[in-house]
Amino acid sequence: MASTEVLTLDLNFQGMKQAIAVYLIKHSSGAILIECGPGTTLPALQAGLKANGLSPSDITHVFLTHIHLDHAGSAGWWSRQGAQVIVHPNGAPHMADPEKLLASATRIYGDKMDTLWGEFLPVQRDRLRVMNDEEEIAIGRLRIRAINSPGHAEHHYVYLFEDLAFTGDVGAVRIPGYPYLQPPMPPPELNFGKWHETLKRIRKEKINRIAPTHFGIFDDPQWHLDQVESELTAAEKWLETVMPSGPEIEELRRKFMDWMNEQARAQGLNAGTVRAYELANPLGMSADGLMRYWKKVRMAG
Ligand SMILES: [Zn+2]
């Protein structure tokens, strides 16, 4: 069977190319989106749809890998255009009633909330649909299967479609052009053990392509998953070398940024790619995630 076309729409987040993607798949009575991006990028997303002969009311379903604002911020708006919003059971309550989600994002982003993310509307309850692990949804001829994929967040799904895995953030961030990627490791649910298990589970699927939300469709899933694996292992080992001296969070952030920037320099990334990585994966946030993981998981275990 010929594979169905999957289009990558660039949201030009904060004016930057290849930072946040939305994937578009047409079907007999409209189209679906994998992810929808934040409120600030709705004009770019609508322009992308228009270029493909579609308007917002053509979108029948929005599949969210998880509810972080760069992936899901505009989902409420899409529910108001008539789309069904599909999400992990642990994420669903926060999409209908985002107060807690927005409070925790505000702790991270402070006064940058509006500039980065724009408006976040609650998803209309009658448009919200929860998928179970391993469940498959049929939309016309399309078949999309969800697999539970904790590690980056407890409310994360990978969606399988034909030979392609949409990996959200659990497939790390990979800006095209370099043999390099970064796993985003935010608080509060970063868990290396679960993340490794998730990678094992993805490897069991017959996939030829992998599509992290940051950014694009790659045709070397085995290499990609190997890299995610080794980056995670390296990050946890690094954490084990720096934590015994009991650094405060500012010191950990500084050390982590130095360590990561050194690797980026070794790859010779150009300025645009460095900026895209910063937008898709703020390093300070990963340092916070590492600190919390160390205290809540490693020290408790
Ligand atoms: Zn995320």
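The values are calculated or read from the model by the stated rules, or taken from the named source; none is laboratory data. Computed from a predicted model, the values in this text were never measured in an experiment. Neighbour counts run over all protein chains shown; Cβ positions are idealised from the backbone, glycine included. Ligands, DNA and RNA are stripped out before the accessible areas are found, and what is left, the full protein with its side chains, is counted by its heavy atoms. Shrake-Rupley method; radii C 1.70, N 1.55, O 1.52, S 1.80 Å.
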If you add up the charges near residue 6, with Lys and Arg at +1 and Asp and Glu at -1, over every other residue whose beta carbon is less than 9 angstrom from its beta carbon, what do you get? -1
For the chain, the longest principal axis of the Cα atoms and the Cα long axis of helix 283-293 enclose an angle in degrees, to the nearest 10, of 70 degrees
Can you tell which of 223, 138, 170 lies farthest toward the positive end of the dipole of the range 113-239, using +1 and -1 charges on the Cβ of basic and acidic side chains (Lys, Arg; Asp, Glu)? 138
Asserting the computed 222 nm helical MRE of the chain (DSSP H runs at least 4 long, -39500 (n - 2.57) per run, divided by residue count, to nearest 500) equals -11500 deg cm²/dmol
Hey, what angle do you get for helix 271-280 against the long axis of the chain, alpha-carbon based, 0 to 90 degrees rounded to 10? 80 degrees
Mean-position separation - Cα centroids, the range 259-274 and the range 1-51, in angstrom: 27 Å
Under a 1.4 angstrom probe, counting protein chains only, how are 297, 242 ranked by accessible area, largest first? 297, 242
With every protein chain kept in place and a 1.4 Å probe, the residues 238, 195 fall, from largest accessible area down, as 238, 195
Just reorder 197, 154 by solvent-accessible area, largest first, 1.4 Å probe, all chains present. 197, 154
Mind checking which lysines have their Cα closer than 21 Å to the Cα of residue 26? Skip sequence neighbours fewer than 8 apart in that chain. 50
Of the DSSP beta bridges with both residues in the chain, give the percent that are antiparallel, rounding to the nearest 5. 60 percent
Of 281, 264, 210, which is farthest towards the positive pole of the range 182-301's charge dipole, taken about the Cα centre with +1 and -1 on the beta-carbons of Lys, Arg and Asp, Glu respectively? 210
Residues of the range 162-212: accessible area per residue at 1.4 Å, in Å²? 34 Å²
Taking every other residue with Cβ under 10 Å from the Cβ of residue 297 and scoring Lys and Arg +1, Asp and Glu -1, one gets +4
Taking 26 Å as the cut-off for C-alpha to C-alpha distance, list the pairs among 204/296; 255/295; 17/112; 204/295 that go past it. 204/296; 204/295
The range 275-301-the range 130-193 distance, computed between alpha-carbon centres (Å): 18 Å
